[in-house]
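Peer 1: Sharing a structure with you now.
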């Protein structure tokens with residue numbers, strides 16, 4: 001008799017990472033792996049495989065670009081195992097094997113059909129702006145030099161809430177739908193930090209960084225609110241090229257939260273690094 005194949009088992013992971021030294025979330029092709037391109041997915045898989053686990057699939061709720069961080073990335077992990085490890089045993093593998101800039105903060109068994117990206121109903125991104133120079137937070141924020149008008153900044157940020165064609169503020173694949181329904185755009189001043197949070201069912205590539213770059217220029221008086229409004233209402237290639245050049249740095253951006261059916265709708269808006 002042929003031996004029975006090992007069963008396929010599934011877990012839901014909560015992951016946080018400092019993206020400063022990662023080339024994004026997504027695992028690269030074999031050539032880039034051979035060249036030592038460091039990704040979060042590749043790091044997690046390597047730790048599991050070194051512990052003797054057979055990884056079939058490790059997929060995230062969304063891809064983060066190089067330098068972008070995550071407070072609440074969610075992933076589905078499918079493995080083959082004749083003796084499924086307990087969540088606490090997998091947690092120990094990650095705690096002992098992962099480098100200091102990535103952590104698995106939660107593990108729970110899930111059904112084999114759970115998909116971290118397809119099952120998500122919203123994603124929230126947090127951006128940290130600093131109004132002063134920081135000795136500690138360079139990789140976690142954007143120090144905006146100049147006099148910032150917070151009322152004007154908030155007015156500009158609020159323009160993005162609603163259902164818009166975001167073609168002027170994103171990198172699009174050929175034929176990709178550019179309409180995005182942004183549920184909320186929130187702003188909070190916390191000490192020397194200004195926190196910008198936006199929530200939507202999904203975001204387009206580079207969209208949040210370009211949104212932040214645009215509203216910061218408005219807050220500094222270097223762009224007009226009417227220009228943002230015009231480019232949201234009438235997207236065009238010229239506007240796309242303009243805002244691509246004005247995108248905010250990756251350092252201040254965090255994938256803050258991914259929400260699934262049954263999760264609470266709101267969470268407090270808090271800074272990652274307290275700066276009086």
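Peer 1: Condition (residue is touching a strand residue (DSSP E or B) at 6+ places or on another chain (Cβ under 8 Å) and over 21 Å from residue 159 (Cβ atoms)) applied to region 241-252: is it met by at least one residue?
Peer 2: Yes - at least one qualifying residue is present in region 241-252.
Peer 1: Does residue 136 qualify as being modelled with pLDDT under 95 and over 29 Å from residue 224 (Cα atoms)?
Peer 2: Here the answer is yes, as residue 136 does meet what is asked.
Peer 1: Which ones in region 241-261 are within 14 Å of the chain's Cα centre (by Cα) and farther than 20 Å from residue 271 by Cβ?
Peer 2: Within region 241-261, 259 is the sole residue that qualifies.
Peer 1: Taking strands (runs of 3 or more DSSP E) that fall entirely within region 71-167, which contain at least 2 residues that are surrounded by fewer than 17 Cβ atoms within 10 Å (Cβ to Cβ)? So that I can check it myself, show each step before the final result.
Peer 2: On the way: elements: 102-109, 122-130, 162-165.
Ranges flagged: 102-109, 162-165.
Peer 1: Additional query: Those residues that are out of contact with any strand residue (DSSP E or B) (no Cβ under 6 Å at 6 or more places or on another chain) and either modelled with pLDDT under 95 or within 20 Å of residue 121 (Cβ to Cβ) (or both), I need them from region 162-175; list them, please.
Peer 2: 162, 164, 172, 173, 174, 175
Peer 1: Would you check if there is a residue in region 7-21 being assigned to a loop (DSSP other than H, G, I, E, B), within 20 Å of residue 88 (Cβ to Cβ) and either at pLDDT below 95 or over 19 Å from the mean Cα position of the chain (by Cα) (or both)?
Peer 2: There is at least one residue in region 7-21 that is assigned to a loop (DSSP other than H, G, I, E, B), within 20 Å of residue 88 (Cβ to Cβ) and either at pLDDT below 95 or over 19 Å from the mean Cα position of the chain (by Cα) (or both).
The values are calculated or read from the model by the stated rules, or taken from the named source; none is laboratory data. Just so you know, these numbers come straight off a predicted model, no measurement behind them. Cβ atoms come from the backbone with ideal geometry, glycine included; neighbour counts cover every protein chain shown.
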